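The values are calculated or read from the model by the stated rules, or taken from the named source; none is laboratory data. Just so it is clear, the model here is predicted, and its values are computed rather than measured. A quick note on method: Cβ atoms are made from the backbone with ideal geometry, for glycine too, and the neighbour counts reach across all protein chains shown. Note: accessible area is taken over every heavy atom of the protein model, side chains too, but ligands, DNA and RNA are not part of it. Shrake-Rupley method; radii C 1.70, N 1.55, O 1.52, S 1.80 Å.
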Amino acid sequence: MDTTSVWRATAPGTAYAALQGDVATDVLVIGGGITGVTTALLLAQQGRSIVLLEAQQLGSGSTANSTGNLYVTLSDGLSTIAQRWGGDVARQVVDQRRDAIAFIEQVAGQGDSGFRRCAHLTWAIDEQQREQITREFQALSRAGAGVRLDSSVPAPLPAPLGDVLVLQDQAQFQPQAYVNHVARLAAQAGARIHEQSRVVELDHKARRVATATGSVLAEEIVLATHSPKGFHLVQVEMPVHREYGIARPLTGADPGPGTFWIRGAEGLSVRTLEAGGSRYLVCIGQEHKVGIHNAKASLMVVEAAAEKHFGPGAISHRWSAQNYRSADGLPYVGRDASGCFVATGFATDGLTWSTVCARVMAEQIMGRSPPFGELCKASRFSPVKGAKGMIEENVTTVKQLVKDYLTHRQAQHLASLAPGDSAHVEAEGETFAAYRSPDGELFAVSPVCTHLGCKVHWNSVETSWDCPCHGSRFRVDGTVIEGPAIAPLRRKHLDVGS
């Protein structure tokens, strides 16, 4: 299955050269999403020497697999922040996210990033979600957001059960086009950007990293990789989820510009996109725990919901994205115990949080102490505010370890693996995570994640091995796709006929 997002499919590509040789710099930024390129731009504009390394292409991680929506609220609701942290922090969240959207608008104005202002609508279609709308209206009003209640939504969106929460003056953009544009600005300011430069060694103490073709020695390292590379304490607190999205040509009724959150059993997020002379309907579904969900079934739920609400239509793009949710509702940003700067825990609100955190880190690296950075410091530990999230994450991790190591798992024999199938198989006295491609080529790798030793599970949509513990993902040949793992899964070349 082609899992290229509509954002990557409709934006021009990039072609920055891979790192070659050994270099030194003031600041090394690892990760070419919005967090990384924005940090690089801000620091380069301040005269710092910057090197940015991206493992694949700019935006190819979470940025270009997102919704393209920008808003001051949060997917879990601002009311959760008000409940955990109080009204003052809720107001700070709204202020920071509003300022970040204004910053994006200013930067996007210098290029073709599809930025547009629009309303953000949230409503319930079942009774269980109805009270949440009231709580959100109260929390947003107290936090100073421009919010009102309405009674209807544009056709053909499903009719609301009760009030519709309307946030005025929110925004949307084309995230891949935007990250490409910010990278160009950073390069013009002096940053050296390298794609296809995956970090294979990371020495926090020496502030040195290595790729397959070079190395970088830096005074400061920024891990703008969604989840920081290697082992970091924040990973213990963060549940990891994937959500699935589709796009299809918009041929029927057009709801017009806006971000539409449909709260109910389907949990759908809807928007439209105009690109290349075509209009698309974009639908994003619910979150699912990485490594322990049925990927194809999850995608089919989104497809069915789109057909239910908008009628039948041919799907042109299918994709998924990963998110890391903090234990207490706020992102983690700043220097952590490793000595590196990190920015993570964005949940599904990363397009706005990434800009907030990039601005915070740039300020900190320049020697300043922004108050929001102190509130969201990466070294914080909030056992009361984050207790529920931490317990849920640790229970999930322990359950997977017990399931995979302390109970018997039936492993198939290699010879029984048909083309297109995957399984944990037995061969030569060992167990492997194996996949036989449709043309018969066999890929057998160690089933043990190189991050902290959990066992990987198959993702049938992305054709990848995913770790349920901390979200590392690997290609069929064992190379790292994303997550905290640095080392690949060990590959074993076996007799195809075994």
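Taking the conditions exactly as written (within 26 Å of VAL164 (Cβ to Cβ) and charged (D, E, K, R)), does ARG48 satisfy them or not? Reasoning before the result, please.
Working: within 26 Å of VAL164 (Cβ to Cβ): no; charged (D, E, K, R): yes.
No; evaluated as a whole, the condition is false for this residue.
Which count do you get for residues in segment 182-213 that are over 19 Å from the mean Cα position of the chain (by Cα), surrounded by 23 or more Cβ atoms within 10 Å (Cβ to Cβ) and not in a loop (DSSP other than H, G, I, E, B)?
3
As an exercise: evaluate GLU374 against (1) surrounded by fewer than 18 Cβ atoms within 10 Å (Cβ to Cβ); (2) under 20 Å from HIS470 (Cβ atoms) and give the number of the one condition it does not meet.
GLU374 satisfies every listed condition except (2).
Using beta carbons and a limit of 7 Å, which pairs, at least six apart or on different chains, have the first residue in segment 57-68 and at negative phi and the second one aromatic (Phe, Trp, Tyr) and open to solvent by less than 30 Å² (accessible area, probe 1.4 Å)?
ALA64/TRP7; ASN65/TRP319
Within segment 130-155, restricting attention to residues that are in a helix (DSSP H, G or I) and without any contact (Cβ under 8 Å) to a residue 40 or more places away in the chain, which residue is farthest from PRO257 (Cα to Cα)?
Residues of segment 130-155 that are in a helix (DSSP H, G or I), as a first pass: 130-142.
Remaining after also requiring without any contact (Cβ under 8 Å) to a residue 40 or more places away in the chain: 130-131, 134, 137, 141.
On the way: ARG130: 24, GLU131: 26, THR134: 24, PHE137: 22, SER141: 23 Å.
Per the criteria, the residue is GLU131.
Here is a list of conditions, (1) open to solvent by less than 10 Å² (accessible area, probe 1.4 Å); (2) without any contact (Cβ under 8 Å) to a residue 60 or more places away in the chain, and SER320 meets all of them except one; can you say which number that is?
SER320 satisfies all of (1) open to solvent by less than 10 Å² (accessible area, probe 1.4 Å); (2) without any contact (Cβ under 8 Å) to a residue 60 or more places away in the chain except (2).
For GLY109, which of the numbered conditions (1) small (Gly, Ala, Ser); (2) open to solvent by 60 Å² or more (accessible area, probe 1.4 Å); (3) in contact with a helix residue (DSSP H, G or I) (Cβ under 7 Å, 6 or more places away or on another chain) fails to hold?
Of the numbered conditions (1) small (Gly, Ala, Ser); (2) open to solvent by 60 Å² or more (accessible area, probe 1.4 Å); (3) in contact with a helix residue (DSSP H, G or I) (Cβ under 7 Å, 6 or more places away or on another chain), the odd one out for GLY109 is (3).
With the structure loaded, tell me whether GLY36 is at positive phi and either β-branched (Val, Ile, Thr) or buried (at least 20 other Cβ atoms within 10 Å of the Cβ) (or both) or whether it fails that test.
For GLY36, the condition - at positive phi and either β-branched (Val, Ile, Thr) or buried (at least 20 other Cβ atoms within 10 Å of the Cβ) (or both) - is not met.
Go through segment 454-498 and report how many residues are in a loop (DSSP other than H, G, I, E, B), buried (at least 17 other Cβ atoms within 10 Å of the Cβ) and hydrophobic (A, V, I, L, M, F, W, C).
Summing the residues that are in a loop (DSSP other than H, G, I, E, B), buried (at least 17 other Cβ atoms within 10 Å of the Cβ) and hydrophobic (A, V, I, L, M, F, W, C) in segment 454-498 gives 10.
Might you check whether a residue that is assigned to a loop (DSSP other than H, G, I, E, B) and either in contact with a Phe, Trp or Tyr (Cβ under 7 Å, 6 or more places away or on another chain) or in contact (Cβ under 8 Å) with a residue 12 or more places away in the chain (or both) occurs anywhere in segment 98-108?
Scanning segment 98-108, I find no residue that is assigned to a loop (DSSP other than H, G, I, E, B) and either in contact with a Phe, Trp or Tyr (Cβ under 7 Å, 6 or more places away or on another chain) or in contact (Cβ under 8 Å) with a residue 12 or more places away in the chain (or both), so the answer is no.
Would you be able to say whether some residue in segment 258-280 is open to solvent by less than 10 Å² (accessible area, probe 1.4 Å), closer than 23 Å to TRP123 by Cβ and not in a strand (DSSP E or B)?
Within segment 258-280, one or more residues are open to solvent by less than 10 Å² (accessible area, probe 1.4 Å), closer than 23 Å to TRP123 by Cβ and not in a strand (DSSP E or B).
Listed here are the residues, each with its yes/no results for (1) under 19 Å from VAL107 (Cβ atoms); (2) outside any helix (DSSP H, G or I).
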{"residue": "ARG8", "(1), (2)": "no, no"}
{"residue": "ALA15", "(1), (2)": "no, yes"}
{"residue": "LEU28", "(1), (2)": "no, yes"}
{"residue": "LEU42", "(1), (2)": "yes, no"}
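Suppose the filter is basic (Lys, Arg) and either within 21 Å of VAL37 (Cα to Cα) or touching a Cys at 6+ places or on another chain (Cβ under 7 Å) (or both); does ARG97 pass it?
Answer is yes for this residue.
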